[in-house]
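Please read the structure below before turning to the comments.
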Amino acid sequence: MRLHEISKLSRPVLEQEAALTVYLDALLQCVPDYDVTDSLVVEERSASSSVDPVTRVADVLDHEMRASAAGENPAVQGERALPGWATTSFKILLFRVNELTLAVPLSELNGIVAAPETITGLPGGEKWLLGLMPYRGSSVKIIDIAYFMATESRHLPMNSFSAYAPKNIVLAGGASWGFPCHDVLRIITTEPHQVRWRSDRQRRPWLVGIMNDPVCALIDVQAFSLDSMA
Amino acid sequence: MRVWSIANQKGGVGKTTTAITLAGLLSMRGNSTLVVDMDPHGSLTTYAGYDPDNIEDSVYTLFHNPDVMIASVVKRTKFENLYILPASTAMATLDRQLGSRDGMGLILKRTFSRISSRFDHVLVDCPPMLGVLMVNALAACDHLIIPVQTEFLALKGLERMVHTLNMITRSMKIPIPFTIVPTMYDRRTRASQQSLQFLREQYPHMLSEALIPVDTQFREASRAGVPLPMMSPDGRGTLAYGALLDGLVEFDRALQYGQVKPHIRAAAS
Ligand SMILES: Nc1ncnc2c1ncn2[C@@H]1O[C@H](COP(=O)(O)OP(=O)(O)OP(=O)(O)O)[C@@H](O)[C@H]1O
Ligand SMILES: [Mg+2]
């Protein structure tokens, strides 16, 4: 299936797929004793993630909010308008990357696939890209979300796909973008007033808002396509 | 101990018949065999002479108390070497009670690891819908058997089942090898012939060689509460399931000794 066909897949179908993935992932969560190689992978993974690559999301985000406290008015007054899906109640898929909980609106979701072992590197490409993953005849750009979350004082991007060792890739934005994901968590319905919308999106334009309950960073996928990701 | 689960999201395709007939054959061949009834309707339980509406310990008990003494949940049947872990009607509420709790899909797998030295074979009969019970059966098995009735509607159901299987495989990160078994085959009908042809084209590596023919004796055996091989050792249906069992055992042995890479069989599309 090609990209233009993916965008034709109906929303309800994608939503049901995502719901099923969340359900099955929860049911099958504690990976039991399969075989030695499996447990090695698990050990390796926990060893690599013990170096906390992402400053705790709440810290970063709170700092962010305070910095932009001047424009606290949630109305549209930054450089970017709120995305169209944010005007009425909307559904989001929550997923975890390291300790960070991210949320994509279901209207932007194109699927959840098993992560490949490796992806194709992009020498000379944007620093926040981990590489390209083939998907149904096209390429998905895999985003190094930890790169964005690193603060100046603690610059520890994961930098390589293998360092993430993701379980899934969350596809969004017409399957142009992929987020490495360690756990698909759940789908919830949110009202616009439950989100602290960022008014100034000069830095991390993709981070459109933050929610407190549950604490998560809401992604505006379109922002990745628009311009530089300062 | 080898665990085979029998599942299809479509109802009435011969799951329970396959479970009890294969179990009958295995036990007659001298294997200590356990059948597990994961269907709240409890057809298999009724078949084995217990009443799913009136049973103290069942799969339901196991889900609420995974550390329960296995001996108290597993029951004898009238037949030598054949045991049952019965269903109770209350299992229909498990999805609501526990369905979304983390790790609930692995209860059966853990139970089996506790009894692996007690039985040679376990056959798990599934309900015809996706839920915590079916997920448990799929997560716990070494080999999945998918009975497919040779008629057009059933082929759509098979597609759905394979899709579910792929999603479960993705969550578990290990492939589940499966075998498709054409059931209720009637070579006089075009529908049977055409759907068999379709299966051969679409799933060439996952299709069992043995076909299960239509045989009215299955219904009689079920009414009598006796597995068909014990009632009619030389009947058409018994012989067909015998051939199926031979093929399954052979494939399973190859799997066990690593001669077949499971993903070859499990890679569905
Ligand atoms: N090969 C066969 N020939 C004739 N009748 C059969 C055959 N296999 C099964 N049956 C009959 O078809 C009916 C449905 O079979 P069975 O109960 O095994 O299906 P099932 O898939 O377990 O159904 P459910 O989804 O309701 O659990 C039963 O009455 C059974 O006796
Ligand atoms: Mg049945």
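If I take R0 = 25 Å and measure r between the Cβ atoms of residue A:29 and residue B:1 in this structure, what FRET efficiency does the formula 1/(1 + (r/R0)^6) give, to the nearest 0.05? Efficiency, from the Cβ-Cβ distance: 0.55. Approximating the spin labels as points 7 Å out from Cα along Cα→Cβ, the residue A:117-to-residue A:136 distance works out to 2.5 nm. For chain B, the relative contact order comes to 24 percent (Cα pairs under 8 Å, sequence separation of at least 6).
If you take every DSSP beta bridge whose two residues both sit in the range B:2-264, what share of them, in percent to the nearest 5, is antiparallel?
Roughly 5 percent of the DSSP beta bridges within the range B:2-264 come out antiparallel.
For trypsin sites (Lys or Arg not before Pro), the sites in the range A:167-230 that DSSP calls loop and that have at most 16 other Cβ atoms within 10 Å are A:203. Taking trypsin sites (Lys or Arg not before Pro) as exposed when DSSP calls them loop and at most 15 other C-beta atoms lie within 10 angstrom, chain B has its longest site-free stretch at B:189-269. Modelled this way, with points 7 Å down the Cα-to-C-beta line, the labels at residue A:160 and residue B:220 are 6.9 nm from one another.
Once every DSSP H run of n ≥ 4 in chain B is given -39500 (n - 2.57) and the sum is divided by its residues, what mean residue ellipticity at 222 nm do you get, rounded to the nearest 500 deg cm²/dmol?
Values: 13 runs with 123 residues, N = 269.
Theoretical 222 nm ellipticity from helices: -13000 deg cm²/dmol.
Span-like helix criteria (full DSSP H runs; alpha carbon extent of at least 24 Å along the helix axis; mean Kyte-Doolittle hydropathy of at least -1.0) are satisfied in chain B by B:152-172, B:236-256.
Taking other C-beta atoms within 10 Å as the exposure proxy, A:129, B:133, B:62 rank A:129, B:62, B:133 from fewest upward.
Please give the FRET efficiency for residue A:193 paired with residue A:13, using the beta carbon to beta carbon distance and R0 = 30 Å, rounded to the nearest 0.05.
On the way: r = 29 Å, r/R0 = 0.98.
About 0.55, to the nearest 0.05.
Annotation for residue B:257 and residue B:209: the two label points, set 7 Å from Cα along the Cα-Cβ direction, are 1.7 nm apart. From the Kirkwood radius over Cα pairs of the range B:116-218, Stokes-Einstein at 20 °C and 1.002 mPa s returns a whole-number translational diffusion coefficient of 144 µm²/s. The H on the amide N of residue A:167, modeled in the peptide plane, is under 5 Å from the matching H of A:181, A:182, each at least 5 residues off or on a different chain. Reducing the range B:57-106 and the range A:178-205 to their Cα centroids gives an inter-centroid distance of 41 Å. Among the listed pairs B:15/B:109; A:167/B:156; B:75/B:109; B:75/B:173; A:141/A:167; A:91/A:141, which have their C-alpha atoms separated by more than 28 angstrom in this model? As for pairs spanning more than 28 Å Cα to Cα, those are A:167/B:156; B:75/B:173. Of the residues B:245, B:82, B:108, the one with the fewest other Cβ atoms within 10 Å heads the list, and the complete ranking is B:245, B:82, B:108. Since only B:147, B:178, B:192 are under comparison, the one whose Cα sits farthest along the positive direction of the charge dipole of the range B:140-197, derived from C-beta charges on Lys, Arg, Asp and Glu, is B:192. Look at the dipole of the range B:124-217 built from charges on Cβ: of B:213, B:134, B:163, the Cα furthest out on the positive end belongs to B:163. Compared with the direct C-alpha span, the chain from residue B:187 to residue B:97 gains 27.9 nm at full extension, assuming 0.36 nm per residue.
Normalising by the residue count of the range A:79-229, find the relative contact order in percent from Cα pairs under 8 Å and 6+ residues apart. Don't jump to the answer; show the numbers that get you there.
Details: 297 pairs, mean separation 44.3, N = 151.
Result for the range A:79-229 is 29 percent.
Every number in this text was worked out from the coordinates using simple rules, so none of it is lab data. Keep in mind that what you see is a predicted model, and the values were worked out from it rather than measured. Cβ sites come from the backbone with ideal geometry, for glycine too, and all protein chains shown count toward neighbours.
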